[in-house]
Amino acid sequence: MIRVMVTGATGYIGSHVCKHLKQQGYFVVGVDLVERDHALKYIDEFVHDDFNSVDSFAALKKTVAVIHCAGTSLVGPSMLDPAEYYVNNVAKTANFLDVIRHMGTPPVFVFSSSAAVYGNPDSDIIYENAPWRPMSPYGQSKAMIEIMVADISRAYHINCMNLRYFNACGADVDAGELGQAPGATHIIARLLESVRDNQEFELYGTNYTTPDGTCIRDYVHVDDLARAHCMAIQYLMSDVGASCSINLGSGHGYSNRQIINAVEQYVGPVRVIERDRRPGDPDCLVASNTLAKTYLGWTPEHDLETIIKSAWKWYNNQPKLIDN
């Protein structure tokens with residue numbers, strides 16, 4: 001069995017990656033500081049520790065691929081405590097990569113990057129060669145790691161890929177057993193929790209230069225993202241595999257108003273409170289996924305209806321934030 005390590009293995013994206021790997025017959029080595037029972041069933045060997053620990057380094061032996069999902073990942077808190085992001089994301093990943101490059105046969109390496117590296121781009125459709133303008137220490141940390149990955153790949157001939165996520169959403173479509181922790185900040189999670197908890201939903205901005213006045217974003221089901229990771233390691237281990245950076249987006253966007261309407265259609269009424277738009281929020285952010293199609297043969301399989309229904313099923317199985 002091919003041995004693959006996933007860091008951040010019990011997290012939102014990492015757990016879905018482990019499930020896909022396991023279903024495809026890989027031997028999954030999961031590393032995470034948090035032990036979540038619902039994710040452990042898809043992990044053959046679990047290292048309950050930091051990815052930068054001695055035990056994690058020991059588990060790298062005979063590993064042919066690493067998918068690096070671990071890290072601190074919230075934009076807001078990164079503005080308040082940037083040091084945590086530079087230490088936990090950048091410094092630890094630098095050491096992790098140094099251990100990998102000293103291995104006799106280094107594994108291929110897939111890094112979970114983010115559209116946050118682009119910041120507030122000039123164009124509505126974002127291609128991989130768009131300028132980087134990260135707007136937070138979180139985005140900066142992702143950009144710094146991408147630079148390290150590119151340099152190490154070139155110097156030590158290690159096949160690597162940076163996968164730049166756009167808006168990950170949805171939940172496990174098979175059994176509804178994997179999903180996002182309550183309290184997530186993106187609009188679909190906030191909408192569904194507002195409906196479930198009978199709370200008002202705050203809509204920020206109705207004067208964007210878009211057809212309905214609300215901003216447009218690109219949403220990708222977490223199951224599609226997980227599938228892309230498996231395709232990435234297969235590509236990197238192949239004879240044609242070459243290091244690169246790739247957007248993972250749907251190629252089209254939905255406005256906030258369209259998301260609200262879809263939630264009302266598939267779940268129930270939303271009590272919307274309109275607020276002023278937040279400074280720095282761009283009108284439209286949509287990924288080009290041409291490179292993902294070209295290199296990986298990847299396109300998203302799940303539509304907005306599946307995203308909302310799968311997430312709704314998951315959130316209904318989680319503890320409520322308040323009692324009504």
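Computed from the coordinates by the stated procedures, all read-outs in this text should not be read as laboratory data. This structure is a prediction, so every number in the text was calculated from the model and none was measured. All Cβ positions, glycine included, derive from the backbone under ideal geometry; neighbour counts span all protein chains shown.
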Taking Lys and Arg as +1 and Asp and Glu as -1, residues besides VAL220 with C-beta under 13 Å from its C-beta add up to -2
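Just subtract the alpha-carbon distance of ASP37 and GLU264 from 0.36 nm times their residue separation and send over the number in nm, one decimal.
Contour length minus Cα-Cα distance gives 78.5 nm.
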What is the dipole size for the range 48-115, taken about its Cα centre, with +1 at each Lys and Arg Cβ and -1 at each Asp and Glu Cβ, in debye to the nearest 20?
-> 340
Loop-located trypsin sites (Lys or Arg not before Pro) in the range 147-225, at most 13 other Cβ atoms within 10 Å (DSSP) = none
So, with +1 on the Cβ of K and R and -1 on the Cβ of D and E, and no other charges, what is the size of the charge dipole of the range 1-157 about its Cα centre, to the nearest 20 debye?
-> 440
Just flag the GluC sites (Glu not before Pro) in the range 192-298 sitting in loop per DSSP whose Cβ has no more than 16 other Cβ atoms within 10 Å.
-> GLU200
Rank TYR138, TYR208, THR299 by how far each Cα sits towards the positive end of the charge dipole of the chain (+1 on Lys, Arg Cβ; -1 on Asp, Glu Cβ) and give me just the farthest.
-> THR299
Rank these for me by crowding, LEU304, LEU33, going from fewest to most other beta carbons within 10 Å.
-> LEU33, LEU304
Report, in debye and to the nearest 20, how large the dipole of the chain comes out about its Cα centre when Lys and Arg carry +1 and Asp and Glu carry -1 on their Cβ.
-> 480
Hey, rough spin-label estimate for ASP174 and ARG154, points 7 angstrom out along Cα→Cβ, what's it come to in nanometres?
-> 4.0
For ARG275 and ILE147, what is the calculated FRET efficiency with R₀ set at 56 Å and r taken between the beta-carbons, to the nearest 0.05?
-> 0.95
Signed unit charges on C-beta, dipole axis of the chain, positive-most listed residue PRO282, VAL34, VAL64 | VAL64
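As a footprinting exposure proxy, order ARG257, ARG275, ARG36 by other Cβ within 10 Å, with the fewest listed first.
Listed from fewest to most nearby Cβ atoms, that is ARG275, ARG36, ARG257.
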How would you rank GLU84, GLU45, going from fewest to most other Cβ atoms within 10 Å of each one's own Cβ?
-> GLU45, GLU84
Dipole of the chain [Lys/Arg +1, Asp/Glu -1 at C-beta], most positive-end residue of LEU192, THR105, SER123 = THR105
The chain - share of DSSP beta bridges that are antiparallel (%, nearest 5) | 5
